[in-house]
Amino acid sequence: MNAKEVEWLAPINKELQGNQDISHYYDKSEVVNVMAGENEITALFRDHTAEFDKGVAILIADWHLTQANDRGIDFLRKSLNDYGWITYSISAGSSPRINNEELPENDNLSLAPSLSHYTKPDFDAYALSLTSRFKAMYQQALTHPGFVIVITQGQSGAILNSYLNQQSSEPVDALVLLNNFYNEPQKNKALNQTITTTTWPTLDIFYQSHNHWLSQQMELRKKLARRNHKLNYRQRTLFGSQSSEQQHQRLSKEIYGFLTWLGL
């Protein structure tokens, strides 16, 4: 049998595969299906374990990670329960399709492609899908009493940040950014301005070893927050591996401290 005779099969959708794993390995009480427009998304739910509830924390993973990833999301969706927060964790969906025609011949595949390597229609469609997911989870959060906080991760978090800045129908009581960035200079410039001019309290957390795109932006965001008089902006730096439990514990404490400072 030669190569031409072998039937080509499309690779399985990563999000579908992740959701199948979630449904198989997690307790059924934790798995919640929510409609986002015409699409069904799988969320991980956990009730609070404190004396009283504070509200809901919506956790949104980066576009290449699951709703139970080991880069902080899975740890936070559990640890926040002890402080009185109900948690819903979702994936951000599959990333936009890369426009291979735009990739340079010697592109370093170990680096994430820049946004210019995604076709605009595909990128816009992804942003629309992501905001639809957030709207669905926000409505789900409103079925519980208390505050609503949002924790976003990576480039999908950057996209959602831009959406939140353009609307007022889904107000949040606090926003936590985990390594939020774009790997494109102009997009980062706009994102920095958005982060430092919004009205809601913002905790901006990044791992020093994450990537050079993010490291370059953090000092600038501090200066912009001071210039724009954003008094409810805080920035924290974490070290070591993003999958380290010791770092997860510090991440949880930083968020708890920030929310306590806000009176939440």
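So, counting K/R as plus one and D/E as minus one, what does the shell of residues with Cβ under 14 Å around A190 add up to? All intermediate terms of the calculation are to be shown ahead of the outcome.
On the way: positive: K187, K189, R221; negative: E184.
Local charge sum for A190: +2.
Can you send over the carbon and sulfur percentage of the accessible area for the chain, probe radius 1.4 Å, protein chains only? Working shown, then result.
Working: 7010 of 13890 Å².
That share works out to 50 percent.
Within the range 217-258, list the residues whose amide N lies under 19 Å from a label point set 7 Å along Cα→Cβ of S209.
Residues 236-252 fall inside that zone.
What spacing in nm lies between the two simple spin-label points modelled at S243 and I12, each 7 Å away from Cα in the Cβ direction?
Going from the S243 label point to the I12 one covers 1.9 nm.
What nm value, rounded to one decimal, do you get for the distance between L142 and D47 when each label is placed 7 Å out toward the C-beta?
2.4
Working with all protein chains in place, sort M218, M35 by solvent-accessible area computed with a 1.4 Å probe, largest first.
Ranked list, largest accessible area first: M35, M218.
Beyond a 30 Å Cα-Cα separation, which of these cross-linked pairs lie in this structure: K14/K120; K135/K187; K120/K189; K28/K120?
K28/K120
Which value, in Å², gives the accessible area per residue of the range 218-264 when a 1.4 Å probe is used on the protein heavy atoms?
With the other protein chains kept in place, the range 218-264 gives 60 Å² per residue.
List every DSSP H helix in the chain whose Cα atoms extend 20 Å or more along the helix's own long axis and whose mean Kyte-Doolittle hydropathy is at least -0.5.
Qualifying helices: 120-141.
Please check which bits of the range 142-169 a label hung off T199 would reach, taking the label as a point 7 Å along Cα-to-C-beta and the cut-off as backbone N under 18 Å.
147-150, 161-169
The values are calculated or read from the model by the stated rules, or taken from the named source; none is laboratory data. Please read all numbers here as calculations on a predicted model, not as lab measurements. All Cβ positions, glycine included, derive from the backbone under ideal geometry; neighbour counts span all protein chains shown. SASA here: full protein model, heavy atoms, side chains in, ligands and nucleic acids out. Shrake-Rupley method; radii C 1.70, N 1.55, O 1.52, S 1.80 Å.
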